[in-house]
């Protein structure tokens, strides 16, 4: 096979990495557009670091997963902030501007979206997948620095950003190799204050993002190495971090799992969990991580059943068996043992079913149909029929 591997321009990982923000941002520009999560006070250290390094700072907080309207608002504010640098200058990315995403996946996705659209004119939907025109993003992004404060989406290491369009009940991506952050500062200390529920949701998302690339149609040796290392240590670390949010070793492991998941999905693909999570997140108030957590075991079970029926001699079943051995630590584990382990983890972490977020039996056919159009579904190890996707959703209710 022929394969490649790409990622952020640079990754700095470990406790204290975030302290490098100001110095590294100053090497890229003189003005920082800081995008934060719903609680801007958590970004006090980032704000102080940037200002101490001599950068002028403007802030934009985002609450919840970003919509295209939120992206438009952030872009408008970023352009206003960049206006002095643009006065009388050439078209293209604003000189001297750095976009900093400090927060969970929502803040990081919004930062990447702003960075790329500052250099590509028009409306965001001109470039959106599925519901937009799908135009290529040809202009280079403004430099983006990603500083995650959760261990889940791996957005600091991906070349896409996800936005919802509530009027159409969907979530879709902007995507370009230029959307990789220039620098990812992954500091596990920033996750220490995360409460148990978001720790569980984001951690299950991270686990999903090292399982789906490992079994997907586009897996490659580099992705295999990252995913295998993460699958072996994710379950016990997640349990520890939910039980004790101050467990530094567990937080470090989860941050590493999340980073490896971002690198893996960007270089291989995902599968049915994310394919179903996209319409769920577009139509219901379910956090992305919570959707992945509820769907992970049922989707694995459906894939394994379909593979036994339609591709029993293919490589995917063996990959599920390898994943089972890594997750359970048992040399004799088979694919179904993985389903049992994932189900037990979700139960122990008290992951709520999809019905907790308003999903009902009557919603399942349309959700399954919408999921089939998701880009994530293209790499699933086996095509799943609508009734099989409905079965996954039903089992996750």
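The values are calculated or read from the model by the stated rules, or taken from the named source; none is laboratory data. The structure presented is a predicted model; accordingly, all values stated were derived computationally and were not measured. We place every Cβ from the backbone using ideal geometry, glycine too, and count neighbours over all the protein chains shown.
Can you find a residue in the stretch 67-89 that is part of a loop (DSSP other than H, G, I, E, B), touching a residue at least 40 places away in the same chain (Cβ under 8 Å) and outside the structural domain of residue 374 (by TED's automatic domain parsing)? Write out each step before concluding.
Quick first cut of the stretch 67-89, residues part of a loop (DSSP other than H, G, I, E, B) only: 87-89.
So of that shortlist, the ones also touching a residue at least 40 places away in the same chain (Cβ under 8 Å) come out as none.
Scanning the stretch 67-89 turns up no residue that is part of a loop (DSSP other than H, G, I, E, B), touching a residue at least 40 places away in the same chain (Cβ under 8 Å) and outside the structural domain of residue 374 (by TED's automatic domain parsing).
Could you list, in sequence order, the residues of the stretch 64-114 that are at pLDDT 95 or above and on the phi > 0 side of the Ramachandran plot?
Scanning the stretch 64-114 gives a single hit, 103.
Inspect the stretch 126-145 for any residue being at positive phi and touching a strand residue (DSSP E or B) at 6+ places or on another chain (Cβ under 6 Å) and give the result as yes or no.
So in the stretch 126-145, the residues at positive phi come out as 130, 134.
Of the ones still in play, those that are also touching a strand residue (DSSP E or B) at 6+ places or on another chain (Cβ under 6 Å) are 130.
Taking every residue of the stretch 126-145 in turn, at least one turns out to be at positive phi and touching a strand residue (DSSP E or B) at 6+ places or on another chain (Cβ under 6 Å).
Return the total of residues in the stretch 180-200 being surrounded by fewer than 24 Cβ atoms within 10 Å (Cβ to Cβ) and part of a helix (DSSP H, G or I).
Summing the residues that are surrounded by fewer than 24 Cβ atoms within 10 Å (Cβ to Cβ) and part of a helix (DSSP H, G or I) in the stretch 180-200 gives 4.
From the set of residues in the stretch 11-52 that are assigned to a loop (DSSP other than H, G, I, E, B) and loosely packed, with under 13 Cβ neighbours inside 10 Å, which is modelled with the lowest pLDDT?
Across the stretch 11-52, the extreme among qualifying residues is 39.
Answer yes or no: is there a residue in the stretch 16-25 that is over 30 Å from residue 223 (Cα atoms) and in the same structural domain as residue 106 (by TED's automatic domain parsing).
Initially, the stretch 16-25 is screened for residues over 30 Å from residue 223 (Cα atoms), giving 22-23.
When the remaining residues are screened for being in the same structural domain as residue 106 (by TED's automatic domain parsing), the result is 22-23.
Among the residues of the stretch 16-25, at least one is over 30 Å from residue 223 (Cα atoms) and in the same structural domain as residue 106 (by TED's automatic domain parsing), which makes the answer yes.
So is residue 296 assigned by TED's automatic domain parsing to the domain that holds residue 231, within 24 Å of residue 200 (Cβ to Cβ) and either without any contact (Cβ under 8 Å) to a residue 60 or more places away in the chain or assigned to a helix (DSSP H, G or I) (or both) or not?
Values: assigned by TED's automatic domain parsing to the domain that holds residue 231: yes; within 24 Å of residue 200 (Cβ to Cβ): yes; either without any contact (Cβ under 8 Å) to a residue 60 or more places away in the chain or assigned to a helix (DSSP H, G or I) (or both): yes.
The answer is yes for residue 296.
Can you go through 286, 242 and tell me which one is in contact (Cβ under 8 Å) with a residue 60 or more places away in the chain, in contact with a helix residue (DSSP H, G or I) (Cβ under 9 Å, 6 or more places away or on another chain) and assigned to a helix (DSSP H, G or I)?
Numbers: 286 fails: assigned to a helix (DSSP H, G or I).
Just one listed residue meets the conditions, 242.
Has the stretch 115-135 got at least one residue that is modelled with pLDDT of 95 or more, within 21 Å of residue 22 (Cβ to Cβ) and in the same structural domain as residue 187 (by TED's automatic domain parsing)?
Within the stretch 115-135 (the criterion being modelled with pLDDT of 95 or more, within 21 Å of residue 22 (Cβ to Cβ) and in the same structural domain as residue 187 (by TED's automatic domain parsing)), the answer is yes, since at least one residue qualifies.
Every residue in the stretch 299-313 that is surrounded by 13 or more Cβ atoms within 10 Å (Cβ to Cβ) and not in a helix (DSSP H, G or I), please.
311
Out of 138, 149, 202, which single residue is touching a residue at least 12 places away in the same chain (Cβ under 8 Å) and outside the structural domain of residue 40 (by TED's automatic domain parsing)?
That would be 202, the only listed residue that is touching a residue at least 12 places away in the same chain (Cβ under 8 Å) and outside the structural domain of residue 40 (by TED's automatic domain parsing).
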